[in-house]
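The values are calculated or read from the model by the stated rules, or taken from the named source; none is laboratory data. Bear in mind the structure is a predicted one, so any value in this text is a computation, not a measurement. Every residue, glycine as well, gets a Cβ built from its backbone with ideal geometry; the counts of neighbours run over all protein chains shown. Remember, those area values only see protein heavy atoms, side chains included, never the ligands or the DNA or RNA. Shrake-Rupley method; radii C 1.70, N 1.55, O 1.52, S 1.80 Å.
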2 protein chains.
Amino acid sequence: MSNSVGAVTPQTMHFDTPLACRSGAVLDAYDLMYETYGTLNAEKSNAVLVCHALNASHHVAGFYAEDPRKVGWWDNMIGPGKPLDTDKFFVIGVNNPGGCFGSTGPASINPKTGKAYGSSFPVVTVEDWVEAQARLADRLGIARFAAVMGGSLGAMQALQWAIAFPERIANSIVIAAAPKLSAQNIAFNEVARQAITTDPDFHGGDFYAYNVIPRRGLRLARMIGHITYLSDDAMMEKFGRSLRSGAINFHFDVDFEVESYLRHQGDKFSEYFDANTYLLITRALDYFDPAAACDGDLARALAPATAKFFVASFTSDWRFAPERSREIVKALLDNRASVCYAEINAPHGHDAFLLDDERYLALVRAYFENVANDLGAQV
Amino acid sequence: MSNSVGAVTPQTMHFDTPLACRSGAVLDAYDLMYETYGTLNAEKSNAVLVCHALNASHHVAGFYAEDPRKVGWWDNMIGPGKPLDTDKFFVIGVNNPGGCFGSTGPASINPKTGKAYGSSFPVVTVEDWVEAQARLADRLGIARFAAVMGGSLGAMQALQWAIAFPERIANSIVIAAAPKLSAQNIAFNEVARQAITTDPDFHGGDFYAYNVIPRRGLRLARMIGHITYLSDDAMMEKFGRSLRSGAINFHFDVDFEVESYLRHQGDKFSEYFDANTYLLITRALDYFDPAAACDGDLARALAPATAKFFVASFTSDWRFAPERSREIVKALLDNRASVCYAEINAPHGHDAFLLDDERYLALVRAYFENVANDLGAQV
């Protein structure tokens, strides 16, 4: 693994200050699982926070010594000499509260009851996550991030940072995003949630006590998700109408390769992902809509932001199409904010933000070189 | 209901000649449920067969005297003075074998066992349906249809008619179609099927004996379907991010109107649709690919056709996009077939083929006026 940050070790930080969520619920105390790569400089000015989307975690780059196949989800983006260069930047990945990769979430034991939170876990929002991330930054002594960066739901967090903590973020890197979900986006989330909540093994979210997991529901949720991550063309390119056994078998088991792929993805996902976390994260997506508090005026919602912005979208992304990124760019330009926008001609759909597209990676690299130069100038 | 064909009565016809299916399975005997509107002329030359898609039936036009709200699914298209004018044409709607609206299907009693067919019902294909429809035509004394017409999966039957029985079809009316499903199309079908088959109440397709139905699975299947029938814009126009109670409630019950809509559609569907029929019909969609037998050469597959074609697509249809209809048109033009093609600028998505779009209905009307004139000229 050339240019890898190498073997990494996740860390846990405990927080005793209650997190008052937007819903009114309070998380009395919680742990956050995080990883860091690179070195925080003496001025503590070179920190970059990388926010995760639906299925990812704090494990953003590098690998685990005990299992080198567990490579970080954005390892092609982050490392020594990579677009987000860990020779220059101190990079932080954090699993959000409500997650299922080590931070306190629905599967964690609620100290008050001695049982898993389950259905009692607060319905967390992007705003709550950003607040929790800010507290982690406090504890790490980071007053201001050189950048907050994310793709998809992660990008919404980067946007929210610019709104909620303008003085604490120099650059907001917003990739494959939307300023709010469309009705169709919500609809897909809703079907996934219904698949989970109507699974007889869900038990109203408190399945932990029954020693079962709503595997069927999670599996369907993931299959639906996968369809929306890929473009129609990318799916056709990857699978076409290829038949697994070379012939049609006139049954409802796997005939087409695409069926095999979806089932495999669903099966894998249901082994490791928490059903309640899936509900929480899709709901956070649904609810994110900073313009709602400003009569739908996104420019007004973004008015507090003083960060510089890098916004990128992908032509074949039908989940968060380029039009949706342009809404963000338009609002930022209306505010006379500094914004670089790239619409990348890529065939892969929403997943493109995670893939090796040379032009895309070169643009992010160039942007971060400027961020690094700005840091140097400040010193 | 102006211009309605009025109160109609479905009829049943029994067939004793076994239907040898493409799968190799044989349906020994079966009933077909059908309706007719208008009058068959003395020459028996004015018959039009209307083929149904996933969720529809033989009840194409008019209403039932005992329940006038049960209006035919294409009543805006078919009736006296309507685009397909029952003052001129004798129109037939038929529920295909494997259906759940009166024709022999998985819920029917297999006379050999005295139990519901369930999982033993043959995996029927578009080719099998067209064969069954041809036998119905034989019994009605119709040697040649003035037209065979359908939208979506119904249009695939209209295409197959032109290939399988070129001498028996003067015009093929192919609306909102594709010559075969894409990987994404198959993927959506597969998720729906997995929702049904993994429902604990499915019992391998033989749920009838248990006095349960896989309601959860059917509900999810329908919700997924509905998303693909509407365009993103149409959904945004219809529901936007409207909140049912005017505010976000931080739960997983209905917050957004689109959630309420989908759940309602799913609930309704699960009350009346048979789960095995859903599997069969989606599989028939997956398998339809007339070009497959000709090394993928659609023009060669369509070469036997002597019918004239009317092909229409809708700009916002992302299930079967206009590009897919153009593949059909291109193949027909390569064969120097007679083809009218209309690409209709409509915002509604795939569902547009069922809706009142003036330009669309005017084009179908004009086409059928020509068909009627041709009939007159023959007489």
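Can you find even one residue in the stretch B:297-315 that is buried (at least 19 other Cβ atoms within 10 Å of the Cβ), within 21 Å of the chain's Cα centre (by Cα), modelled with pLDDT of 95 or more and within 29 Å of A:D253 (Cβ to Cβ)?
Checked the stretch B:297-315: no residue is buried (at least 19 other Cβ atoms within 10 Å of the Cβ), within 21 Å of the chain's Cα centre (by Cα), modelled with pLDDT of 95 or more and within 29 Å of A:D253 (Cβ to Cβ).
So is A:I163 away from chain B (no Cβ under 14 Å) and surrounded by fewer than 21 Cβ atoms within 10 Å (Cβ to Cβ) or not?
Working: away from chain B (no Cβ under 14 Å): yes; surrounded by fewer than 21 Cβ atoms within 10 Å (Cβ to Cβ): yes.
Against the criterion (away from chain B (no Cβ under 14 Å) and surrounded by fewer than 21 Cβ atoms within 10 Å (Cβ to Cβ)), A:I163 qualifies.
Do you know which residues across the stretch A:1-54 are open to solvent by 70 Å² or more (accessible area, probe 1.4 Å), aliphatic (A, V, I, L, M) and within 14 Å of chain B (Cβ to nearest Cβ)?
A:A20, A:V26
Taking the stretch A:256-295 on its own, how many of its residues are in contact (Cβ under 8 Å) with a residue 60 or more places away in the chain, over 27 Å from A:S120 (Cβ atoms) and small (G, A, S)?
Residues that pass the stated criteria total 1.
Give the stretch B:135-177 a look and list any residue that's in contact with a Gly (Cβ under 8 Å, 6 or more places away or on another chain) and closer than 16 Å to B:A337 by Cβ, or say none.
Of everything in the stretch B:135-177, those that are in contact with a Gly (Cβ under 8 Å, 6 or more places away or on another chain) and closer than 16 Å to B:A337 by Cβ turn out to be B:A158, B:I173, B:V174, B:A177.
Just for the stretch A:250-283: of the residues that are exposed (fewer than 14 other Cβ atoms within 10 Å of the Cβ) and assigned to a loop (DSSP other than H, G, I, E, B), which one is farthest from the other protein chains (Cβ to nearest Cβ)?
Taking the candidates together, the pick is A:D253.
Identify the single condition in (1) in a strand (DSSP E or B); (2) over 22 Å from the mean Cα position of the chain (by Cα) that A:L49 does not satisfy, given that it satisfies every other one.
Of everything listed in (1) in a strand (DSSP E or B); (2) over 22 Å from the mean Cα position of the chain (by Cα), A:L49 misses just condition (2).
Which of the residues that make up the stretch A:22-62 are touching a residue at least 60 places away in the same chain (Cβ under 8 Å) and of a type in the set (D, E, K, R)?
The answer is A:R22, A:D28, A:D31, A:E43, A:K44.
Go through (1) within 21 Å of the chain's Cα centre (by Cα); (2) more than 20 Å from B:I109 (Cβ to Cβ) for B:A65 and report which single condition fails.
Just one mismatch for B:A65, condition (1).
Condition check: at positive phi, surrounded by fewer than 18 Cβ atoms within 10 Å (Cβ to Cβ) and in contact (Cβ under 8 Å) with a residue 24 or more places away in the chain. Does B:G81 satisfy that?
Considered against the rule, which asks whether it is at positive phi, surrounded by fewer than 18 Cβ atoms within 10 Å (Cβ to Cβ) and in contact (Cβ under 8 Å) with a residue 24 or more places away in the chain, B:G81 comes out as yes.
If the Cβ limit is 6 Å and pairs must be 6+ apart or interchain, which residue in the stretch B:115-138 that is open to solvent by 30 Å² or more (accessible area, probe 1.4 Å) pairs with which residue that is at pLDDT below 95 and not aliphatic (A, V, I, L, M)?
Final answer for the pair search is none.
Could you please find all residues in the stretch A:191-225 being under 21 Å from B:I186 (Cα atoms) and either open to solvent by 10 Å² or more (accessible area, probe 1.4 Å) or at the interface with chain B (Cβ under 7 Å from one of its Cβ atoms) (or both)? Can you show your working first?
Applying the first criterion (under 21 Å from B:I186 (Cα atoms)) to the stretch A:191-225 yields A:191-192, A:195, A:216-225.
Hits for the stretch A:191-225 are A:V191, A:A195, A:R216, A:R219, A:L220, A:R222, A:M223, A:I224.
Of the conditions (1) more than 9 Å from every other protein chain (Cβ to nearest Cβ); (2) closer than 25 Å to A:A164 by Cβ; (3) buried (at least 20 other Cβ atoms within 10 Å of the Cβ); (4) of a type outside the set (S, T, Y), A:D286 fails just one. Which one is it?
Result: A:D286 fails condition (1) only.
Go through (1) on the phi < 0 side of the Ramachandran plot; (2) within 26 Å of the chain's Cα centre (by Cα); (3) modelled with pLDDT of 95 or more one by one and return the number of the condition A:D232 breaks.
Result: A:D232 fails condition (3) only.
Any residue at all in the stretch B:181-188 that is open to solvent by 10 Å² or more (accessible area, probe 1.4 Å), closer than 30 Å to B:A346 by Cβ, of a type in the set (A, V, I, L, M, F, W, C) and within 12 Å of another protein chain (Cβ to nearest Cβ)?
Yes.
Can you tell me which residues in the stretch B:290-319 are in contact with a Ser or Thr (Cβ under 8 Å, 6 or more places away or on another chain) and not acidic (D, E)?
Within the stretch B:290-319, B:A305, B:A307, B:K308, B:F309, B:F310, B:V311, B:A312, B:S313, B:S316, B:W318, B:R319 qualify.
Need the failing condition index for A:N55 against (1) more than 17 Å from the chain's Cα centre (by Cα); (2) among the polar types (S, T, N, Q); (3) assigned to a loop (DSSP other than H, G, I, E, B), just the number.
Only one criterion is unmet by A:N55, namely (1).
For the stretch B:332-348, indicate whether the set of residues that are more than 30 Å from A:M236 (Cα to Cα), among the acidic types (D, E) and either part of a loop (DSSP other than H, G, I, E, B) or more than 20 Å from the chain's Cα centre (by Cα) (or both) is non-empty.
Within the stretch B:332-348, none of the residues are more than 30 Å from A:M236 (Cα to Cα), among the acidic types (D, E) and either part of a loop (DSSP other than H, G, I, E, B) or more than 20 Å from the chain's Cα centre (by Cα) (or both).
Of everything in the stretch A:226-238 that's open to solvent by less than 20 Å² (accessible area, probe 1.4 Å) and within 7 Å of chain B (Cβ to nearest Cβ), which residue is farthest from A:S316 (Cα to Cα)?
Result: A:I227.
Do the conditions hold for B:A247, that is, is it of a type in the set (A, V, I, L, M, F, W, C), more than 25 Å from B:W129 (Cα to Cα) and modelled with pLDDT under 95?
In short, yes.
Tell me yes or no: at least one residue of the stretch B:230-250 is hydroxyl-bearing (S, T, Y) and touching a Gly at 6+ places or on another chain (Cβ under 6 Å).
So far as the stretch B:230-250 goes, yes, one or more of its residues are hydroxyl-bearing (S, T, Y) and touching a Gly at 6+ places or on another chain (Cβ under 6 Å).
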